[in-house]
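Q: One structure coming up, written as structure tokens, with questions to follow.
The values are calculated or read from the model by the stated rules, or taken from the named source; none is laboratory data. Being a predicted model, the structure only gives us computed values, none of them experimental. Here the Cβ is made from the backbone with ideal geometry for all residues, glycine too, and neighbour counts use every protein chain on show. What goes into the accessible areas is simple: the full protein's heavy atoms, side chains included, and nothing from ligands, DNA or RNA. Shrake-Rupley method; radii C 1.70, N 1.55, O 1.52, S 1.80 Å.
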Amino acid sequence: MSSRKMGRPPSDNPKSEKIEIRVNQEIMSKLDAAARKLNTTRSDIVRKGIEKVYDELQK
């Protein structure tokens, strides 16, 4: 038997930081609708939004 561990291999870019935000129902509904339409997660939508705002600030 091999001594290697089973399971998922380590990520090249682990997401170890966590943020928590408070939003109203309208924002949550928009976030959920966007995630459904793009077939992705809430977290991915938030990450993309942050990247978009940051890129706009760099111009």
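Q: Using the Cα centre of the chain as the reference point, and only Cβ charges (+1 on K/R, -1 on D/E), how large is the resulting charge dipole? Debye, rounded to the nearest 20. All intermediate terms of the calculation are to be shown ahead of the outcome.
A: On the way: 14 positive and 9 negative charges, 58 e Å.
Value, rounded to 20: 280 debye.
Q: Label residue 28 and residue 52 with points 7 Å out from Cα along Cα→Cβ: what is the distance between them in nm?
A: About 2.2 nm, to one decimal.
Q: In deg cm²/dmol and to the nearest 500, what is the mean residue ellipticity at 222 nm of the chain if only DSSP H runs of at least 4 residues count, each as -39500 (n - 2.57), divided by the residue total?
A: Values: 2 runs with 31 residues, N = 59.
Roughly -17500 deg cm²/dmol at 222 nm, from the helical runs in the chain.
Q: Considering only 35, 25, 46, whose Cα is most displaced toward the positive end of the charge dipole of the chain, charges sitting on Cβ of Lys, Arg (+1) and Asp, Glu (-1)?
A: Working it through, the farthest residue towards the positive pole turns out to be 35.
Q: With a 1.4 Å probe and every protein chain left in place, work out the accessible area per residue of the chain in Å², rounded to a whole number.
A: On the way: 6490 Å² over 59 residues.
That works out to 110 Å² for each residue.
Q: Calculate how steeply helix 25-38 sits against the longest principal axis of the alpha-carbon atoms of the chain, using the helix alpha-carbon long axis, and give the answer as 0 to 90 degrees to the nearest 10.
A: With both axes taken from Cα atoms, the answer is about 60 degrees.
Q: Quote the FRET efficiency, to the nearest 0.05, computed for residue 13 versus residue 35 with a Förster distance R0 of 22 Å and r equal to the Cβ-Cβ distance.
A: On the way: r = 21 Å, r/R0 = 0.95.
Computed FRET efficiency for residue 13 and residue 35: 0.55.
Q: Okay, next question. Angle between the Cα long axis of helix 42-58 and the longest principal axis of the chain, 0 to 90 degrees, nearest 10?
A: 70
Q: Given that just one value was derived from the coordinates, which of (1) 11.1; (2) 14.6; (3) 11.4 is Kirkwood radius over Cα pairs in Å?
A: (2)
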